[in-house]
Amino acid sequence: MSAKSTPAGYHTITPSIIVRGAAKAIDFYKRAFGAEEVDRMEGPDGKVMHAEIRIGDSLVMLGDENLEWGARSPLSTNGSPVSLHIYVADADATFERALQAGAKVRYPLEDAFWGDRYGKVTDPFGHEWAIATRQKEMSLSEMKQAAESWMRQVQSGQTQTMQAAHSEQGAQA
């Protein structure tokens with residue numbers, strides 16, 4: 001029997017993340033994002049070698065940090081250049097649920113120029129999650145105009161960039 005190149009239930013790209021404390025991370029993702037645990041394989045030491053969770057219609061693979069295998073989490077590498085973007089029905093509710101579960105604000109929620117209600121959190125395991133709800137469908141030309149307007153506001157000091165808002169929030173903490 002011939003196999004499909006992409007297994008049923010998967011998308012062309014499936015994120016796979018390394019965490020320190022995978023079992024705790026799975027519990028966090030259940031509380032914060034309503035994840036469903038699909039699979040978990042533990043090694044002889046009880047650590048999670050491989051697990052899969054489903055958030056909405058997407059799978060995320062994860063496993064425990066293992067320095068011997070070169071599998072380092074963001075907590076061992078001083079952060080991660082990657083973020084996971086999650087579209088939800090209610091960004092405000094999901095953002096709040098993630099904070100209540102233990103995430104920290106990276107960028108506060110805002111009505112972004114590209115039509116999303118958007119904010120970013122960092123989970124207790126060092127991964128960043130962008131949380132968004134599409135509020136307005138925009139053509140590419142509308143989005144370009146909105147971006148140009150937003151950039152003019154940033155340059156004139158009428159609004160902050162998300163990074164500036166984050167830096168200011170960090171200074172207040």
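Every number in this text was worked out from the coordinates using simple rules, so none of it is lab data. Being a predicted model, the structure only gives us computed values, none of them experimental. Cβ sites come from the backbone with ideal geometry, for glycine too, and all protein chains shown count toward neighbours.
One table, with the values for the structure above:
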| quantity | calculated |
| --- | --- |
| Selection from the stretch 35-53 of residues that are over 17 Å from residue 73 (Cβ atoms) and touching a residue at least 24 places away in the same chain (Cβ under 8 Å) | 35 |
| Pair list, Cβ under 8 Å, 6 or more apart: the stretch 2-20 residue within 24 Å of residue 64 (Cα to Cα), other residue basic (Lys, Arg) and part of a loop (DSSP other than H, G, I, E, B) | 18/72 |
| Search result, residues across the stretch 66-117 that are basic (Lys, Arg) and touching a residue at least 60 places away in the same chain (Cβ under 8 Å) | 97, 106 |
| Residue list for the stretch 110-131, restricted to those being surrounded by 20 or more Cβ atoms within 10 Å (Cβ to Cβ) and of a type in the set (A, V, I, L, M) | 121, 131 |
| Candidate set: the stretch 12-59, residues that are more than 17 Å from the chain's Cα centre (by Cα) and part of a loop (DSSP other than H, G, I, E, B); chosen: the one farthest from residue 125 (Cα to Cα) | 12 |
| Unique residue being within 22 Å of residue 131 (Cβ to Cβ) and either surrounded by 19 or more Cβ atoms within 10 Å (Cβ to Cβ) or among the charged types (D, E, K, R) (or both) when the list is 97, 40, 72, 20 | 97 |
| Matching residues in the stretch 25-74 - criterion: being in contact with a helix residue (DSSP H, G or I) (Cβ under 9 Å, 6 or more places away or on another chain) and at positive phi | 34, 46, 56 |
